[in-house]
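The values are calculated or read from the model by the stated rules, or taken from the named source; none is laboratory data. No experiment lies behind these values; they were computed from the predicted model shown. Cβ placement follows ideal geometry from the backbone for every residue including glycine, while neighbour counts extend to all protein chains displayed.
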Amino acid sequence: MTTLIIGGGVVGLSIAFGLLQQGKSVLVLDGGDGDFRASRGNFGLVWIQGKGVDCPSYSNWSRRSAGLWPGYAEDLKKLTGIDISLSQKGGVDYFTDETELKDRIAALESLKQAVGGDYPFEVLDHSGLKKLVPEIGPKVIGGLYSPMDGHVNPLLLLQALSSAVRRLGGDLRTGAQVVGIEAADRAFSVRLANGDRAEGEAIVLAAGLGASELGPELGFKAPVRAQQGQVLITERLPFFLNYPSGTLRQVNEGGVQIGASKAEIGADDREDLGTIAKLARHAVDVFPHLAPVNLVRSWAALRVMSPDGLPIYQRSTKYEGARFVTCHSGITLAAAHARLLPDWVVGSNQVPDLSDFSEARF
Amino acid sequence: MSRDIYDIAIIGAGPAGMAAAIEADRRGASVVLLDEQPRPGGQIYRNVGIATPRQREVLGQDYAKGDALVTALERSGAKHLSDITVWQITGTGRIAYSRKNQAEQLEARQVIVATGATERPVPLPGWTLPGVLTAGAAQILMKSGGLVAEDAVLVGSGPLLYLIAAQMVAAGSPPKAMIETQTGSDLQAAMKHLGGALRGWRYLAKGLSLIAQLKRAGVRRYTGAGDIKVLGSDRAEAVSFTWKGRELRIETDTVLLHQGVVPNTQITRSLQLDHRYEEDQRCFVPVTDTFGLSSSPIVSVAGDGAGIGGAAVAALSGQLAALGALHRLDLITNETFETSSAPILETRAKELAVRPFLDRAYPPSQQTLKPVDTTIICRCEEVTAGDIRRYAALGCKGPNQAKAFGRSGMGPCQGRYCGLTVTEILSAENGISQQETGALRIRSPIKPVTLGELAAYQEEEHA
Amino acid sequence: MFTPLETASGRQVTFNFDGREFTAQEGTPLAAALLGAGVSEFRSTPVSASPRGPFCMMGACFDCLVQIDDVTVQACMTPVRDGLVVKRIPRPDVSAEPHDSAPQGSENSREALRA
Ligand SMILES: Cc1cc2nc3c(=O)[nH]c(=O)nc-3n(C[C@H](O)[C@H](O)[C@H](O)COP(=O)(O)OP(=O)(O)OC[C@H]3O[C@@H](n4cnc5c(N)ncnc54)[C@H](O)[C@@H]3O)c2cc1C
Ligand code: FES
């Protein structure tokens, strides 16, 4: 039995990797070089604090994934030799506004209660934070530290996944744009832009923003929209920053990454000066010593967003064997997708409870 | 922050940009010309306004021709912003640039991109060693450093290589040797374009006279050389190569590389204009009409940035681009537009006649188009040709995926010196045309800018 | 090696690179001034610590990078001025992963938090 996976981003490849580890046969179809790819443009956080403030089960699911991350990274390294620079020493969020900090503390407190108390984080005032991160500037009034957070090199992750899928015997076809699907229970045939076809007994739609078009053919609503995020990267610097934050992290090559903005402007992935300037201001506010540092590149990428921002895991009600997966935080959730989703995809018994994430909520 | 609005903004003050600015100003448009260099001239006429008699003597007649343009520009009413770095242009004609470490911007109704060419990458073993420069760099050092390379070895092919060698001879410092990659069969293939080239006979005559000068000066030439390597541990020490079945080695601490020039497409790519792969010149060029108008109705491209044609063609195409822009802005009548452009179009066609011959006679060498696995192709991130081939085996079809996998094109040069090579390698590995393989997406800033400068930049609120 | 075309006629100024004093004609591109003084290595790469120097002289290759007033600039695009102090770029420590090179390990940071 072959499972077709449409989409070779971090979501599709993680599921493919997990299925292959279980000995399943997998064919991944991935689009062209110029497609929108959140997997290439993302910030690289394995981030927990603040996630799922209104949805404790999302918080739990993310946390479960973070817990699985070390093993997942280890598996990838063993198989491919690629060290994807996972670091989970905790993360810090910086605040320059008193009210924002207070609001965030309140949100985290209530989430902590909702998940039963096991939700470690600490509130730091300016001087407390300065002990942890001596480079902060006077505008930073305080911050939140949580040992749950971490980061990874998302591009190495993508490379390791591509390599791992091939090494485990998976078929990964790139430049394979799916343009149509003929579906029946446990019999799926997809048509590619170049006229080729591919067949499988199961199918996972993990096509990021491409899902909204293909979804209905498999009986999914697939209500995803693009949300633009811009990111800046500086020249390489000597290492100084031990902890990532939601907006600033020093990547393993030395550059400081700054981001990401949020803009509801549709499928537009062009960067703009106003946003670049805003991100630069934020960086210099938090770390004044970055003022003379060169920005070498910026980019805009498109987040794959469901209406409430939470993941969607949906079995087709129309065709047996069809699944739809999408999420915003595909890096954070990659480990769960590789380790836990395969059971849900093949439909065996020990499935994770994903009922909170069905499409029925829309 | 208020910003200035111009009829026409021109990026690049080489022959194309200067000619465009002069033409547009003469016909009543408000014009701004932006350039990174302190003085107008571009690469070819760099510093001509302040050149010493000795520099003029060494660099020759063609260099001195720049005087006329520079003088006309200085007399014109075009505003010339020198010493500035453009780091973003938007599709709406907004131009952001740095001046004296301050972010500024202006706006234009029509934009003419005249950013010229860069030298084609020459990925050879050892090409990253100190002491290895491009031949063009050696020429720039004569123009704006007052320096000439001593006992240098020139490597590669193309008309410019002979010109630079002859200039070095005139400076009293002839190259130690020229290791040339073009072969007899390249010349044969070129011969069928000779008929057309004869229309541009002056260029051919000039080329032959340069070669004769080198011969007179006793410069040793090795044509049809292969397997070229720059040797050295911390800097260039020697060049080795094969020639007529023999292995040769020449000691030198200065190696000057050249495989022709290619359009600098950083700005046109950042604007996401349409580009096409030009088989004859083996590079991407922006798609333009006869007047240089690109796929954007407000952006034209003039000069080598629109396809390699040389200085004379660049100046003519600058004029044409200006006429086109003036016409679109209704600053000249239909009739003026047509009568003014007709003779320029005719002259340009004559000037271009020699190109097909030159392209065939001096193609980039196979060694640099298909570097061996161990050769570094991305200088910034030190990615090798073998790395790119490995990514191709992982399913990588285009340079953007290769960039994500291995960082080629992510360094400060943003793919200026690896982009074309990556496309060539992927195209060969995947059996897909260069056009379909595509090119790197170029993002702002086109050149690095400090966070402090950006942070200080305040945008007017959107209405 | 690069040698002068003629005896310089313009104003001579002094500048400092990596602790050494140099003289050059005012306004000459810094990269040219250094090449003329026999310096062809300006930096070592962040990836493999290999030596690099100017390659294109036209602001395209970024191999001539140096630091002036803590800002990384292209030496080929920077005119020499009197008293200019030019430094080599500090290199990120390539041998260490960020989490290994961290001055404070996670234990330390926990301590810092408690303090
Ligand atoms: C700016 C930004 C910052 C982010 N930061 C983080 C972060 O710090 N941490 C985190 O966990 N997450 C982050 N994310 C989110 C994360 O990147 C995404 O969740 C994840 O990449 C989504 O993966 P995907 O596979 O669904 O989509 P994509 O990566 O977009 O992949 C979709 C794939 O489907 C292919 N495709 C589409 N249509 C077709 C078709 N018809 N036929 C064949 N193939 C098709 C495309 O070619 C593409 O490869 C960020 C996202 C953005 C934009
Ligand atoms: S030498 Fe190439 S950018 Fe300065």
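Going by the conditions given, is residue A:220 surrounded by fewer than 22 Cβ atoms within 10 Å (Cβ to Cβ) and of a type outside the set (D, E, K, R)?
no
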> Looking at (1) at the interface with another protein chain (Cβ under 10 Å from one of its Cβ atoms); (2) part of a helix (DSSP H, G or I); (3) not β-branched (Val, Ile, Thr), which is the one condition that is false for residue A:134?
Replying inline: (2)
>> Among the listed residues B:128, B:115, B:85, identify the single one that is within 14 Å of chain C (Cβ to nearest Cβ), outside any strand (DSSP E or B), under 17 Å from residue C:59 (Cβ atoms) and in contact with a strand residue (DSSP E or B) (Cβ under 7 Å, 6 or more places away or on another chain).
In response: B:115
> Out of (1) at the interface with chain A (Cβ under 9 Å from one of its Cβ atoms); (2) assigned to a loop (DSSP other than H, G, I, E, B), the odd one out for residue B:416 is which?
Replying inline: (1)
> Does residue A:333 satisfy the criteria of being more than 23 Å from the chain's Cα centre (by Cα), surrounded by 24 or more Cβ atoms within 10 Å (Cβ to Cβ) and closer than 25 Å to residue A:41 by Cα?
Replying inline: no
> Of everything in region B:91-135 that's at positive phi and within 16 Å of ligand 2 (Cβ to nearest atom), which residue is nearest to the chain's Cα centre (by Cα)?
Replying inline: B:116
> From B:145, B:136, which residue is within 9 Å of another protein chain (Cβ to nearest Cβ) and touching an Asp or Glu at 6+ places or on another chain (Cβ under 7 Å)?
Replying inline: B:136
>> Within region C:35-44, take every residue that is more than 11 Å from the chain's Cα centre (by Cα) and of a type outside the set (Gly, Ala, Ser) and give me the one that is surrounded by the fewest Cβ atoms within 10 Å (Cβ to Cβ).
In response: C:39
> What helices (runs of 4 or more DSSP H) completely inside region A:243-362 contain at least 1 residues that are in contact (Cβ under 8 Å) with a residue 60 or more places away in the chain and farther than 19 Å from residue A:66 by Cβ?
Replying inline: A:273-286, A:341-346
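Based on this model, can you work out whether residue A:234 counts as hydroxyl-bearing (Ser, Thr, Tyr), part of a helix (DSSP H, G or I) and more than 30 Å from residue A:220 (Cβ to Cβ)?
no
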> Counting only residues that are part of a helix (DSSP H, G or I) and of a type in the set (Gly, Ala, Ser), which one in region B:421-462 is farthest from the other protein chains (Cβ to nearest Cβ)?
Replying inline: B:428
> Considering A:290, A:279, A:310, which residue is at pLDDT 95 or above, within 19 Å of the chain's Cα centre (by Cα) and either away from ligand 2 (no atom under 16 Å from the Cβ) or under 24 Å from residue A:39 (Cβ atoms) (or both)?
Replying inline: A:310
> Only one of B:289, B:304 is modelled with pLDDT of 95 or more, buried (at least 21 other Cβ atoms within 10 Å of the Cβ), within 24 Å of residue B:266 (Cα to Cα) and out of contact with any Phe, Trp or Tyr (no Cβ under 8 Å at 6 or more places or on another chain); which?
Replying inline: B:304
>> Which numbered condition in (1) more than 14 Å from every other protein chain (Cβ to nearest Cβ); (2) under 22 Å from residue A:290 (Cα atoms) is the only one that residue A:117 fails?
In response: (2)
>> Looking at region B:326-348 only, could you name the residues that are assigned to a helix (DSSP H, G or I), in contact (Cβ under 8 Å) with a residue 40 or more places away in the chain and not polar (S, T, N, Q)?
In response: B:326, B:328, B:345
>> Looking at B:64, B:72, B:68, B:21, can you tell me which residue is surrounded by 20 or more Cβ atoms within 10 Å (Cβ to Cβ) and either away from chain C (no Cβ under 14 Å) or in contact with a His (Cβ under 7 Å, 6 or more places away or on another chain) (or both)?
In response: B:21
>> Can you pull out every residue in region B:222-235 that is in contact (Cβ under 8 Å) with a residue 12 or more places away in the chain and either part of a strand (DSSP E or B) or over 25 Å from the mean Cα position of the chain (by Cα) (or both)?
In response: B:222, B:226, B:227, B:228, B:229, B:230, B:231, B:232, B:234, B:235
